[in-house]
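Notes follow once the structure below has been shown.
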Amino acid sequence: MLTGKKIVLGVSGGIAAYKMANVASMLVKLHADVHVVMTENATHFITPETFETLTANRCYTNVFDRSMDIHVPHVTLGSTADAILIAPASADVLGKIAHGIADDMLTTTILPATCPVMLAPSMNVHMYENPIVQNNMNTLRTYGYEIIEADEGFLACRDIGKGKLPPEDVLVEYILRACAKEKDLTGKKVLVTAGATMEAIDPVRYITNHSTGKMGYAVARRAMLRGAEVTLVTGQTSLDAPMFVNVLQITSAKDMYEAVTAVADEQDIIIKSAAVADYRPITVADHKIKKKDGDMSISLERTDDILSYLGAHKKPGQFICGFSMETENLIENSKAKLEKKHVDMIAANNLNVAGAGFKTDTNVITLITKDSVRELPLQSKEDVADCILDEIIAKMKA
């Protein structure tokens, strides 16, 4: 995801500096060109050689090192980076940057930077809460720098409170949001539904389906990375919610209907990938239904048709994409659904095709509109998500 992107990691003096070796490694695995700049104090916690081994690039620590391999390194690194992350950001470094002080390799690299700059403070809880430090962070925010909030917990100094550096995967996600994708959905509000609904039979049992939510979560995350303001309405799933996304957790089809219809009018794009139950028990028992001899039947009633509601209440300029899971007659059934529901596109897949459907990390999708049928190859659900968004953006511009 970061092929061709230059990422500068700034490491200042703090015990959490050791975590940045893993961050550098994770970014390299995403094919980023990673350059590390360290303060002198940071070298007491982790060596420059560690970063040079992981990144295959020179680690910079001294502005006046004549052996450096690029012209005016602090200007070149700062002005050509796609994103800069300073982590851990010590109280000293926060104060210097907030007041334009550039007296070492790290702070001089920040001043010429024109890319997104993120700072992840990490320090003792009392230092973190000191009003001077808090004021410096607020000052940095007014200048457009992003402050990554510290976590709470047991600190290296044995205090308990706020000041921990967030986990490495969280730091990487900030970088991905900053520069992994073109921001072609900036200013757009996108609503995504995902996962399965659960329709109660009694306090113990329920009716559901095999959906894991992976497809919808991939769509929500990719839309976020492309700059959209994303709302994810999700049924029960074991997945971690994407960062930087407004998540509305629901259980039943009725819950999803109410959550979606409450916010639908303000959305520019709605992508309904959730597997919503078509039927629910007419009566839900207050107590567990005890097993008896013989068979048992459960009377069912139709749930609210969310996609039909959205199609009937579609506002001008809004784009609605539904999903269709079929086992036969994929194109015919999906075209009929497109017309009946009055939506703009159906993303259809066949459960009988290898690599498609539930409980996989891949999918095989056919994108169907009133004037086109586009068959996509087998690919990861993340790549499928981008293809769906590409198609929506193209149709909205047409």
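The values are calculated or read from the model by the stated rules, or taken from the named source; none is laboratory data. Since the structure is predicted, the reported quantities are computational estimates derived from the model, not experimental observations. A quick note on method: Cβ atoms are made from the backbone with ideal geometry, for glycine too, and the neighbour counts reach across all protein chains shown. Surface accessibility is based on the protein's heavy atoms, side chains included, excluding ligands, DNA and RNA. Shrake-Rupley method; radii C 1.70, N 1.55, O 1.52, S 1.80 Å.
Computed values, structure above
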item	result
Range in the chain, longest, excluding exposed GluC sites (Glu not before Pro) [loop by DSSP; at most 13 other beta-carbon atoms within 10 Å]	183-327
Relative contact order (%) - criterion: Cα under 8 Å, at least six apart; region: the chain	11 percent
Cα centroid separation - region 127-156 against region 214-284, whole Å	33 Å
Ratio of Rg to Rh over region 148-302 (Cα coordinates, Kirkwood Rh, two decimals)	1.12
Heavy atoms of His287: accessible area, 1.4 Å probe, square angstrom to 10	140 Å²
Which of Thr197, Thr108 is most accessible, then next, and so on - probe 1.4 Å	Thr108, Thr197
Size descriptor, Kirkwood hydrodynamic radius, that averages inverse alpha-carbon separations across region 33-91, Å	12.3 Å
Using a Förster distance of 51 Å, the FRET efficiency for Thr3-Val204 (Cβ separation, nearest 0.05)	0.55
13 Å tail of the calculated P(r), region 177-236, as % of Cα pairs	64 percent
Among Asp278, Asp286, Asp104, residue whose mean-square fluctuation peaks in a GNM of the chain (springs only between Cα atoms under 10 Å)	Asp286
Accessible surface, per residue, of region 283-381 when the full set of protein chains is kept, probe 1.4 Å, Å²	62 Å²
Region 359-373-region 66-110 distance, computed between alpha-carbon centres (Å)	46 Å
Candidate residues Thr80, Thr139, Thr283, Thr303: accessible-area rank, largest first, probe 1.4 Å	Thr283, Thr80, Thr139, Thr303
Antiparallel %, DSSP beta bridges [both residues in region 273-398], to 5	65 percent
Net charge of neighbours whose Cβ lies under 14 Å from the Cβ of Asp361, counting Lys and Arg as +1 and Asp and Glu as -1	+2
Two-decimal Rg to Rh for region 281-383 - Kirkwood Rh, Cα set	1.12
Rounded if a/c under 1.5, otherwise prolate or oblate - region 224-354, Cα gyration tensor axes	prolate
Of Lys214/Lys292; Lys254/Lys381; Lys359/Lys397; Lys314/Lys381, pairs whose Cα-Cα distance is over 29 Å	Lys214/Lys292; Lys359/Lys397
Compactness of region 279-332 as Cα Rg over 2.2 N^0.38 Å, two decimals	1.85
Angle between the chain longest axis and helix 214-225 axis [Cα atoms, degrees, rounded to 10]	40 degrees
Rounded accessible area of Phe244 (nearest 10 Å², 1.4 Å probe)	60 Å²
Antiparallel bridges, percent of DSSP beta bridges restricted to region 178-244 (to nearest 5)	35 percent
Selected from Thr261, Thr231, Thr366 as most flexible by GNM, with the chain as the system and alpha-carbon contacts under 10 Å	Thr261
Over region 108-203, equivalent-ellipsoid semi-axes from the Cα gyration tensor in Å	32, 25, 12
Carbon and sulfur %, accessible surface of the chain computed with the full protein complex present, 1.4 Å	50 percent
Percent of beta bridges antiparallel (DSSP, the chain, rounded to nearest 5)	30 percent
Calculated FRET efficiency for the pair Asp371/Arg141, C-beta based, R₀ 45 Å, to 0.05	0.45
Solvent-accessible area per residue, Å², over region 1-141 with all protein chains present [probe radius 1.4 Å]	43 Å²
Tail weight of P(r) past 17 Å, computed on alpha-carbon pairs of region 9-60, percent	22 percent
Dmax and Rg, reported as Rg then Dmax, of region 31-159 (C-alpha, Å)	14.9, 44
